[in-house]
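Q: For reference, the structure I am asking about is given below.
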Amino acid sequence: PRSGTKWLSTYLTYGEWRCGHEEATHFRGIDDVRSWLAQDFTGTVETAAAPFWRVLREYAPQTRVATIRRPVGQVVDSFLRAGLVVNPDRLRALLEKHDRKLDQIEARWPNVRRWRHTELGGATGGKAVFEWALQRPWDQQWWQSLVNIHIRKDLRHEVRYYQAYE
């Protein structure tokens with residue numbers, strides 16, 4: 001959360017590609033995962049799916065996987081600055097658990113790529129993630145049209161959703 005994933009999903013929705021955001025919140029079983037990833041030119045950017053990476057590896061091993069990393073303390077601070085009513089200690093514990101899952105993904109998934117969230121705002125990182133994910137030449141004009149736009153999901157709604165399904 002709070003690492004630019006909504007922006008990234010918008011950026012990677014390009015040409016024939018459609019890149020969802022938080023699609024896993026709508027999955028109710030493994031068939032939903034398979035169906036989503038079986039579509040040509042389809043991907044998703046997730047913030048809460050890291051604990052379930054083994055399912056993806058088992059059922060969709062061809063999937064290109066990247067991790068976008070942001071220090072946990074910065075994420076907690078970002079939530080608090082957004083005015084969300086959360087327990088910071090509980091949030092930190094949850095995010096640290098998810099961060100360890102990202103470590104597992106990076107260590108065990110073949111050819112995983114890792115970016116720091118700050119890299120995506122620069123041309124070098126923007127170009128690298130675009131070409132890696134979409135397997136096509138970078139469209140600098142597309143990146144330029146989005147790089148200064150602040151795109152974010154409504155976190156209040158997301159927090160309510162997670163509280164409801166806790």
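Q: If you take the charge dipole of region 1-103 about its Cα centre, with +1 on Lys and Arg Cβ and -1 on Asp and Glu Cβ, which of Y59, H21, V86 is farthest toward its positive end?
A: It is V86, whose Cα lies furthest towards the positive end.
Q: Please arrange Y11, Y165 by accessible surface area, largest first, computed with a 1.4 Å probe and ligands excluded.
A: These residues rank, largest area first, as Y165, Y11.
Q: Using the alpha carbons of the chain, what is the convex hull volume per residue in cubic angstrom, as a whole number?
A: Considering the Cα atoms of the chain, their hull volume per residue is 115 Å³.
Q: For Cα pairs less than 8 Å apart in space and 6+ apart in sequence, what is the mean separation divided by the residue count of the chain, i.e. the relative contact order in percent?
A: 25
Q: Return the aspartates and glutamates within reach of K127: Cα separation strictly under 12 angstrom, same-chain partners fewer than 8 residues apart disregarded; answer none if there are no such residues.
A: Straight-distance partners of K127: E119, D139.
Q: Can you give the calculated 222 nm mean residue ellipticity of the chain, where each DSSP H run of n ≥ 4 adds -39,500 (n - 2.57) and the sum is split over every residue, rounded to the nearest 500 deg cm²/dmol?
A: -15000 deg cm²/dmol
Q: A follow-up question, please. Rounded to a whole number, what % of the accessible area of the chain do carbon and sulfur atoms account for, probe 1.4 Å?
A: Carbon and sulfur together cover 51 percent of it.
Q: Please report the net charge: other residues with Cβ closer than 12 Å to the Cβ of H26, K and R +1, D and E -1.
A: -3
Q: A further question follows. Once you place label points 7 Å from the Cα toward the Cβ at N111 and D31, how far apart are they in nm?
A: Spacing of the two 7 Å Cα→Cβ label points: 3.0 nm.
Q: Rounded to the nearest whole Å², what accessible area per residue is found for region 1-125 with the 1.4 Å probe?
A: 56
Q: Give me the dipole magnitude in Debye, nearest 20, for region 30-113 about the Cα centre, with unit charges on the beta carbon: positive for Lys and Arg, negative for Asp and Glu.
A: With Lys and Arg at +1 and Asp and Glu at -1, about 240 debye.
The values are calculated or read from the model by the stated rules, or taken from the named source; none is laboratory data. Keep in mind that what you see is a predicted model, and the values were worked out from it rather than measured. Virtual Cβ from ideal backbone geometry, glycine too; neighbours counted across all protein chains shown. The accessibility values were calculated without ligands, DNA or RNA, using every heavy atom of the protein model including side chains. Shrake-Rupley method; radii C 1.70, N 1.55, O 1.52, S 1.80 Å.
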